[in-house]
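To start, the structure itself, in structure tokens.
The values are calculated or read from the model by the stated rules, or taken from the named source; none is laboratory data. Predicted model, so just to flag it, every value in this text is computed and none were measured. Note that we place each Cβ from the backbone using ideal geometry, even for glycine, and neighbour counts take in every protein chain shown. All accessible areas refer to the heavy atoms of the entire protein, side chains included, with ligands and DNA or RNA removed. Shrake-Rupley method; radii C 1.70, N 1.55, O 1.52, S 1.80 Å.
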Amino acid sequence: MPITTCVFDAYGTLFDVAAAARQAADEPGFEALKDKWPAVAGHWRLKQLQYTWLRAVADAHADFWDVTQDGLDWALEATGLQGDPKLRQRLLDLYWELQAYPEVPDMLKALKDGGMQTAILSNGSPPMLDGAVRSAGIGEVLDDVLSVESVGIFKPHAKVYDLVQDRFRCARDEVLFVSSNGWDAAGASGYGFVTAWVNRAAEPMDRLPWTPAHVLSDLTSIPKLSGL
């Protein structure tokens, strides 16, 4: 069936999760972060994801903002930057203002102009996602922003992907699901979505029972991939 609905993961897919640490490293007062920001950003993101998986398996759900803070605290300790409350607070503040990748606004506009339904489907809590969408200025080209908080479990649980069908009343194979997380794209493939993995870092394919239908280096070709 033709694609009618394009759904995007948020963090790392539409929004650059490294932007908070990168920006803070250039600000006065945070010189200690100058050479360590790539490690902080990498640890932060990895632990943030790992904690969502562990909480899902353990049936110990928490708001994604709590998970994000826990991940940052681990990253700061791992890089020897713990004990600086001003740095910690600045990084957390910047996470609410993450930059979108450069191609995102034009890509989403092309989808909407072509008649596609568009949405975010994210582990993020509604307030976090609202802040990111407003900061990036992409609210007008999204039909909805869907959060796992409405089902109380993180991706890649099927209940999360169910949110798309519940909202848009479309068949699974009418959905193009796009994520920068290989495991997320794989999980959505197993669910029945057409999937695209945005593999900006040229990472190896995750060893899972399912694989993404498409592997991309950025989001530029999404309108064409959707059939426009």
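Does residue 208 satisfy being farther than 19 Å from residue 53 by Cβ, in contact with a helix residue (DSSP H, G or I) (Cβ under 7 Å, 6 or more places away or on another chain) and in a loop (DSSP other than H, G, I, E, B)? Lay out the reasoning, then the answer.
Values: farther than 19 Å from residue 53 by Cβ: no; in contact with a helix residue (DSSP H, G or I) (Cβ under 7 Å, 6 or more places away or on another chain): yes; in a loop (DSSP other than H, G, I, E, B): yes.
It is false that residue 208 is farther than 19 Å from residue 53 by Cβ, in contact with a helix residue (DSSP H, G or I) (Cβ under 7 Å, 6 or more places away or on another chain) and in a loop (DSSP other than H, G, I, E, B).
Going by what's in this entry, would residue 47 be described as surrounded by fewer than 17 Cβ atoms within 10 Å (Cβ to Cβ) and assigned to a helix (DSSP H, G or I)? Reasoning before the result, please.
Numbers: surrounded by fewer than 17 Cβ atoms within 10 Å (Cβ to Cβ): no; assigned to a helix (DSSP H, G or I): yes.
Here the answer is no, as residue 47 does not meet what is asked.
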If I filter region 148-157 for residues that are surrounded by fewer than 20 Cβ atoms within 10 Å (Cβ to Cβ) and closer than 26 Å to residue 106 by Cα, do I get at least one hit? no
Given the conditions (1) part of a loop (DSSP other than H, G, I, E, B); (2) more than 19 Å from residue 184 (Cβ to Cβ), every one holds for residue 13 apart from (2)
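Under the condition of being of a type in the set (A, V, I, L, M) and over 12 Å from residue 122 (Cβ atoms), which residue from region 151-163 is nearest to the chain's Cα centre (by Cα)?
First, the residues of region 151-163 that are of a type in the set (A, V, I, L, M): 151, 153, 158, 160, 163.
Now restrict to residues that are over 12 Å from residue 122 (Cβ atoms): 151, 153, 158.
On the way: 151: 17, 153: 15, 158: 17 Å.
Only one residue tops the list, namely 153.
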Of 167, 172, the only residue that is within 30 Å of residue 62 (Cβ to Cβ), of a type in the set (Lys, Arg), in contact with a strand residue (DSSP E or B) (Cβ under 8 Å, 6 or more places away or on another chain) and surrounded by 15 or more Cβ atoms within 10 Å (Cβ to Cβ) is 167
Scanning region 50-78 residue by residue, those open to solvent by less than 60 Å² (accessible area, probe 1.4 Å) and either among the aromatic types (Phe, Trp, Tyr) or on the phi > 0 side of the Ramachandran plot (or both) turn out to be 51, 64, 65
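Taking the condition touching a residue at least 12 places away in the same chain (Cβ under 8 Å), among the hydrophobic types (A, V, I, L, M, F, W, C) and either over 20 Å from residue 4 (Cβ atoms) or open to solvent by less than 20 Å² (accessible area, probe 1.4 Å) (or both), does residue 201 pass?
Details: touching a residue at least 12 places away in the same chain (Cβ under 8 Å): no; among the hydrophobic types (A, V, I, L, M, F, W, C): yes; either over 20 Å from residue 4 (Cβ atoms) or open to solvent by less than 20 Å² (accessible area, probe 1.4 Å) (or both): yes.
So residue 201 fails the test.
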Listed by first then second residue, the pairs whose first member lies in region 89-112 and is open to solvent by 10 Å² or more (accessible area, probe 1.4 Å), whose partner is polar (S, T, N, Q) and not in a loop (DSSP other than H, G, I, E, B), with beta carbons under 8 Å and at least 6 positions apart or on separate chains, are 96/135; 97/135; 99/135; 112/118
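If we only count helices (runs of 4 or more DSSP H) wholly inside region 105-194, which ones have 3 or more residues that are over 13 Å from residue 5 (Cβ atoms) and touching a Leu at 6+ places or on another chain (Cβ under 9 Å)?
126-136, 182-191
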Scanning region 55-66 residue by residue, the ones that are without any contact (Cβ under 8 Å) to a residue 40 or more places away in the chain and of a type in the set (A, V, I, L, M, F, W, C) total 4
For region 204-220 the number of residues that are surrounded by 14 or more Cβ atoms within 10 Å (Cβ to Cβ) and either of a type in the set (Lys, Arg) or within 16 Å of residue 101 (Cα to Cα) (or both) is 4
Residue count, region 28-44, condition open to solvent by 60 Å² or more (accessible area, probe 1.4 Å), of a type in the set (A, V, I, L, M, F, W, C) and over 21 Å from the mean Cα position of the chain (by Cα), comes to 1
For region 1-18, pairs from a residue that is open to solvent by less than 10 Å² (accessible area, probe 1.4 Å) to a residue that is aromatic (Phe, Trp, Tyr) and assigned to a loop (DSSP other than H, G, I, E, B), with Cβ under 7 Å and 6 or more apart or across chains, are 14/101
